[in-house]
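Read through the structure below, which is laid out as structure tokens, and then see the notes.
The values are calculated or read from the model by the stated rules, or taken from the named source; none is laboratory data. For clarity, every value in this text was computed on a predicted model and none was experimentally measured. Please note: Cβ atoms are built from the backbone with ideal geometry, for glycine as well, and neighbour counts cover all protein chains shown. Protein only, heavy atoms only, side chains kept; ligands, DNA and RNA dropped before computing areas. Shrake-Rupley method; radii C 1.70, N 1.55, O 1.52, S 1.80 Å.
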Amino acid sequence: GHVPYLGTHLAMAPEPGRLRAHRRGDALLVPADEPRPAIERWYRRTARAEIAPRLDEAVAALGKAYTKLTIREQRTRWGSCSTTGAMSFNWRLLLGPEDVLDYVVWHEACHLVVMDHSRRFWALLERHRPGYRAPQRWLRANGSALVLPG
């Protein structure tokens, strides 16, 4: 089988005796039996590695800082930003296209400047990510389908 990854797919390569999922090129090496927990842990680790540099870039461009980055899985939320600057993102964003991940990161980063969804917030997001409406629409339409196959 395959698993989705930021708009592409990785071929699953089951290996007996393997405990951790590991990416090698276009393949994801997974435990032969019960691969799912290992795959999910791999997505969580990888989500942090994908999101942290994007978030760093966004907050630097906005002249802000965040206090903490958490990766979790919430059924309904893709990201959040607290008043203390704690950022949280859903690892299932990796199951969708890259521009959608980028949109959510910038959306939450902009909340460090404007906490609400006022016109000022959307204007700020648009200034930094002029094409944000397309990935926003995609996420609204397809977000519920971003689940691991199987």
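Below are the figures for this structure:
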item: In Å, descending, principal axis extents of the Cα set of the stretch 50-149; result: 39, 26, 22
item: Size of electric dipole in the chain: Cβ of Lys, Arg +1 and of Asp, Glu -1, about Cα centre, debye, nearest 20; result: 320
item: Accessible surface, the chain, averaged per residue in Å² (probe 1.4 Å); result: 54
item: Nearest-ten-degree value, helix 36-62 long axis tilted from longest Cα axis of the chain; result: 30
item: Cα-based Rg of the stretch 72-126 normalised by 2.2 N^0.38 Å, two decimals; result: 1.12
item: Length released on extending from E126 to T84, taking residue separation times 0.36 nm less the Cα-Cα span; result: 12.7 nm
item: Equivalent-ellipsoid semi-axes of the stretch 37-91, from the Cα gyration tensor, Å, largest first; result: 21, 13, 8
item: Full-extension gain in nm, E57 to A11, via 0.36 nm per residue minus C-alpha separation; result: 13.5 nm
item: Dipole magnitude of the stretch 19-82 about its Cα centre (Cβ charges: Lys, Arg +1; Asp, Glu -1), debye to nearest 20; result: 200
item: Helix-only CD estimate at 222 nm, as mean residue ellipticity for the chain, using -39500 (n - 2.57) per DSSP H run (n ≥ 4); result: -13000 deg cm²/dmol
item: The stretch 1-114 - share of DSSP beta bridges that are antiparallel (%, nearest 5); result: 50
